[in-house]
Amino acid sequence: MRVGILGSGLMGGKLGTIFARAGHEVVFSYAQSNDKLKRLARDAHGNGRAGTPGEAAKEADALLLAVHCSRIDDVLKQTGNFAGKVIVTCCLPMDAGSTKLIIGTTTSGAEEFAKKVAVRGARRRTRLRRPRRTGVGVSVRAV
Ligand SMILES: NC(=O)c1ccc[n+]([C@@H]2O[C@H](COP(=O)([O-])OP(=O)(O)OC[C@H]3O[C@@H](n4cnc5c(N)ncnc54)[C@H](OP(=O)(O)O)[C@@H]3O)[C@@H](O)[C@H]2O)c1
């Protein structure tokens with residue numbers, strides 16, 4: 001499987017490395033330094049490479065979105081179109097210091113994220129999981 005990583009920090013870097021070591025083709029993107037993306041790619045046992053968010057999404061079977069929620073708009077803009085992609089995200093709707101949730105009770109991080117992706121190529125959402133309104137674990141298929 002080809003997996004694009006959008007946000008190569010603690011979550012994206014580690015999960016991408018695990019995917020690559022399991023034999024999947026992984027493109028690491030979106031970090032503050034290209035050297036970090038190249039290092040992650042080097043450590044991925046031949047199955048990783050560094051790229052832009054657009055390159056990570058191109059030909060990917062699945063995308064992992066793993067950025068602070070304040071960076072979601074930027075990374076979505078850099079990625080472009082999501083038509084046909086399965087997107088999995090671990091993003092939580094946290095405040096700047098990641099100390100408390102900024103969305104809850106009437107909506108969720110997952111619902112708000114799904115709306116953002118819908119305007120970037122999705123004609124329908126086929127799966128949206130929303131465990132206890134935390135925003136964790138949503139997967140969206142933008143077809
Ligand atoms: N960490 C956890 O235990 C955990 C658990 C569950 C959910 N989450 C959620 O998962 C998401 C990701 O968490 P994380 O801990 O992986 O975050 P993180 O380590 O901060 O990773 C975020 C990534 O975004 C990159 N980035 C930030 N600002 C950027 C910019 N201006 N331009 C380009 N790249 C930029 C960072 O680059 P650098 O690598 O260069 O800093 C990093 O690669 C968050 O929404 C968080 O709430 C985290």
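Where a number appears in this text, it was derived from the coordinates with a stated rule and is not lab data. If you're wondering where the values come from, they're calculated on a predicted model, not measured in any experiment. Reconstructed Cβ throughout: ideal geometry from the backbone, glycine too, with neighbour counts over all protein chains shown.
A full extension of the chain between Arg120 and Arg21 corresponds to an added length of 32.6 nm, given 0.36 nm per residue minus the alpha carbon distance. Over all other residues within a Cβ to Cβ distance under 10 Å of Val3, the charged ones net out to -1, with Lys and Arg as +1 and Asp and Glu as -1.
Taking the square roots of 5 times each eigenvalue of the Cα gyration tensor of segment 2-142, largest first, gives ellipsoid semi-axes of 24, 17, 13 Å. Cross-link reach is defined here as a Cα-Cα straight distance under 17 Å, omitting same-chain residues fewer than 8 places apart; for Lys116 the lysines meeting it are Lys77, Lys85.
Charged neighbours of Gly80, selected by a Cβ distance under 12 Å, balance to +3 (K, R count +1; D, E count -1).
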